[in-house]
Amino acid sequence: MPVDAQGGEKLATMERLYSILTDDAVERGLMRDQFYFLSDELLATFKRMQGYDPATYFPGSCIEQAYLILAESEFGSRRAMAEANGVPITDKPLLPGGLYLVLTDRDGQPTKSLIVQTYMPRSKPTTD
């Protein structure tokens, strides 16, 4: 079940707060790992909560990665919808602004899915 299936967690609120924090740090020129540290273990936990392998790549600083992970639809739900419609699925995340393309054969049957990422990270982690 998705992490917020019982209404206990507030993923949308967490996502929004990480997004605001990222924007604020970028605008102030304060994006520093020592100011906004999130461990690899926490990011891996967020990925698992959303149904992704902990090694799945998300761009940006750690707080931007947290935002992007939480902004994703839960992978199991996305997979179930794709399978119910006979659409092959990829395990890559669909970042904001991305495109999910389904290639078909000459008969119009889905054969392969591709994700085109257009997302440009708002932040770059720095350690100085």
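The values are calculated or read from the model by the stated rules, or taken from the named source; none is laboratory data. Treat the numbers as computed from the prediction; the structure is a model and nothing was measured. Using ideal geometry, Cβ is built from the backbone for each residue, glycine included, and neighbour counts are taken over all protein chains shown.
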(request) Just name the residue that is surrounded by the fewest Cβ atoms within 10 Å (Cβ to Cβ) out of those in the range 8-32 that are of a type in the set (K, R) and without any contact (Cβ under 8 Å) to a residue 24 or more places away in the chain. (result) R28
(message) Can you say whether G60 is crowded, with 17+ Cβ neighbours inside 10 Å, at positive phi and under 19 Å from the mean Cα position of the chain (by Cα), as far as the supplied structure shows?
(response) yes
(message) Could you go through the range 65-80 and let me know if any residue there is outside any helix (DSSP H, G or I), in contact with a Pro (Cβ under 9 Å, 6 or more places away or on another chain) and modelled with pLDDT of 90 or more.
(response) no
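For (1) out of contact with any Cys (no Cβ under 6 Å at 6 or more places or on another chain); (2) closer than 30 Å to L17 by Cα; (3) surrounded by 16 or more Cβ atoms within 10 Å (Cβ to Cβ), each residue gets a yes or a no:
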{"position": "E74", "(1), (2), (3)": "yes, yes, yes"}
{"position": "R78", "(1), (2), (3)": "yes, yes, yes"}
{"position": "A84", "(1), (2), (3)": "yes, no, no"}
{"position": "G97", "(1), (2), (3)": "yes, yes, no"}
{"position": "M120", "(1), (2), (3)": "yes, yes, no"}
(request) Tell me, please, whether a residue that is within 16 Å of the chain's Cα centre (by Cα) and polar (S, T, N, Q) can be found in the range 96-114. (result) no
(request) State whether one or more residues within the range 33-43 are in contact with a strand residue (DSSP E or B) (Cβ under 6 Å, 6 or more places away or on another chain) and among the charged types (D, E, K, R). (result) no
(request) Scan the range 84-97 for residues that are modelled with pLDDT of 90 or more and either farther than 23 Å from A55 by Cα or among the small types (G, A, S) (or both) and jot them down. (result) A84
(message) List pairs: first residue in the range 86-98 and more than 16 Å from I69 (Cβ to Cβ) and touching a residue at least 24 places away in the same chain (Cβ under 8 Å), second residue hydrophobic (A, V, I, L, M, F, W, C) and not in a loop (DSSP other than H, G, I, E, B) anywhere in the structure, Cβ distance under 6 angstrom, at least six positions apart or on different chains.
(response) V87/V102; I89/A82; T90/I115
(message) Would you confirm, using the coordinates I've provided, whether T22 is within 10 Å of the chain's Cα centre (by Cα), modelled with pLDDT of 90 or more and among the hydroxyl-bearing types (S, T, Y)?
(response) no
(request) For R48, work out the one condition from (1) closer than 30 Å to T104 by Cβ; (2) surrounded by fewer than 17 Cβ atoms within 10 Å (Cβ to Cβ); (3) under 12 Å from the mean Cα position of the chain (by Cα); (4) modelled with pLDDT of 90 or more it doesn't fulfil. (result) (1)
(request) Go over the candidates S113, S123 one by one and state the one that is modelled with pLDDT under 90, under 18 Å from M14 (Cβ atoms), polar (S, T, N, Q) and touching a helix residue (DSSP H, G or I) at 6+ places or on another chain (Cβ under 8 Å). (result) S123
